[in-house]
Amino acid sequence: MTEQRSVAIWRDGAAVAVPADEPVLTAADHGLVRGDGAFESVAVLDGRTPHLAAHLARLARSAALLEIPPPGDDVWHALVDAVLVRWRAETEGVLRLFLTRGPGDEAPPTALALLAPVPAETVRQRTAGISVVSLSLGIPADFRAQAPWLLGGAKTLSYAVNMAAYRHAHRLGADDVVLTSLEGELLEGPTSTVVWAAGGTLHTPPTETGILPGTTVARLFERAEADGWPTARSHGTVDDLHAADAVWLMSGVRGAAPVHTLDGVRRADAGLTARVRGLLAR
Ligand code: PLP
């Protein structure tokens, strides 16, 4: 059987496939009530998840930062298998893995998987590029490193602010956002990592700023270095992006989306996107 969406939940020690329109959480689940949990968005290509290991490693780190007992990779693999078995390989998918604190009262955390087609708009942005506005997050760039309660570096379910930043950008006529610190230092996109090419080097902000460590940028930087393209974790500003040879917002599902407009100003792309795409596709 094939479906447009595929869902599985961990129940009584097994991955259970659930009809996509059937409720899977109780109203008391802390993921629902407080956004208290973590998630991952994993690319599904040709019916496979080539980058799953990096996402599971980050999910385990997020769980540790949130102090939620991690269910372990076997549970996630069983859930992934349960949703993939009903998936058409030719449909590019986004697999979301959710871990919540559960409904409380000694109940175990909730672990579930949801597989859906990649939205057409995501595919369009990957090829056509994006316009981006810079918006301040209003916290100093060095603050989250010494403030564990802010959960810097964790991919938590509390994405309401990230989604509000998108809606604000859309009202301004842009596709996406580059978030900056109180002092104007580059941080990340609401669901992506900022990467820019300048002086023959690929740059991305350091994770000490509390941004999410991106799995896509990690893969790109490893392959770029092997290919003779130097990489650096650099403190940058929006002016650095205006002056750069190319700028991308990167994530596992959308890939490298080239930024063609920044705060209303068209910017050049020195033809480097093909090389970046080639490195990511290897
Ligand atoms: N930063 C944030 C806030 C994100 O939500 C994401 C993607 O989920 C990324 C960066 C990019 O991470 P990845 O390349 O692992 O998809």
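Every number here is computed from the coordinates shown, using simple stated rules; none is lab data. Remember, it's a predicted structure, so these values are computed and weren't measured experimentally. Note: ideal-geometry Cβ built from the backbone for every residue, glycine included; neighbour counts use all protein chains shown.
Yes or no, residue by residue, for (1) assigned to a strand (DSSP E or B); (2) surrounded by fewer than 23 Cβ atoms within 10 Å (Cβ to Cβ):
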| position | (1), (2) |
| --- | --- |
| ALA218 | no, yes |
| ALA224 | no, yes |
| TRP229 | no, yes |
| ALA232 | yes, yes |
| ASP239 | no, yes |
| HIS242 | no, yes |
| VAL247 | yes, no |
| VAL259 | yes, no |
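Filter the stretch 242-273 down to the residues that are aliphatic (A, V, I, L, M) and within 16 Å of the ligand (Cβ to nearest atom), then identify the one that is nearest to ALA174 (Cα to Cα).
Residues of the stretch 242-273 aliphatic (A, V, I, L, M): 243-244, 246-247, 249-250, 253, 256-257, 259, 262, 265, 268, 270, 272.
So of that shortlist, the ones also within 16 Å of the ligand (Cβ to nearest atom) come out as 247, 249-250, 253, 256-257, 259.
Details: VAL247: 15, LEU249: 14, MET250: 17, VAL253: 20, ALA256: 17, ALA257: 14, VAL259: 11 Å.
Within the stretch 242-273, the match that is nearest to ALA174 (Cα to Cα) is VAL259.
Name every residue in the stretch 28-58 that is among the aliphatic types (A, V, I, L, M) and either touching a helix residue (DSSP H, G or I) at 6+ places or on another chain (Cβ under 8 Å) or in a strand (DSSP E or B) (or both), in order of residue number.
Initial filter on the stretch 28-58 (among the aliphatic types (A, V, I, L, M)): 28, 32-33, 38, 42-45, 52-54, 56-57.
Passing the criteria: ALA38, VAL42, ALA43, VAL44, LEU45, LEU52, ALA54, LEU56.
Yes or no: VAL83 β-branched (Val, Ile, Thr), farther than 24 Å from PRO190 by Cβ, away from the ligand (no atom under 15 Å from the Cβ) and not in a loop (DSSP other than H, G, I, E, B)?
Numbers: β-branched (Val, Ile, Thr): yes; farther than 24 Å from PRO190 by Cβ: yes; away from the ligand (no atom under 15 Å from the Cβ): yes; not in a loop (DSSP other than H, G, I, E, B): yes.
Criteria met by VAL83.
What are the residues in the stretch 151-163 that are over 18 Å from ARG101 (Cβ atoms) and either aliphatic (A, V, I, L, M) or part of a loop (DSSP other than H, G, I, E, B) (or both), if any? Outline the logic, then answer.
Start the filter on the stretch 151-163 by keeping residues that are over 18 Å from ARG101 (Cβ atoms), which leaves 152-153, 161-163.
Result: GLY152, GLY153, VAL161, MET163.
Which one of these is without any contact (Cβ under 8 Å) to a residue 60 or more places away in the chain, of a type in the set (A, V, I, L, M) and crowded, with 19+ Cβ neighbours inside 10 Å: ALA141, ALA164, ALA169?
Result of the check over ALA141, ALA164, ALA169: ALA169.
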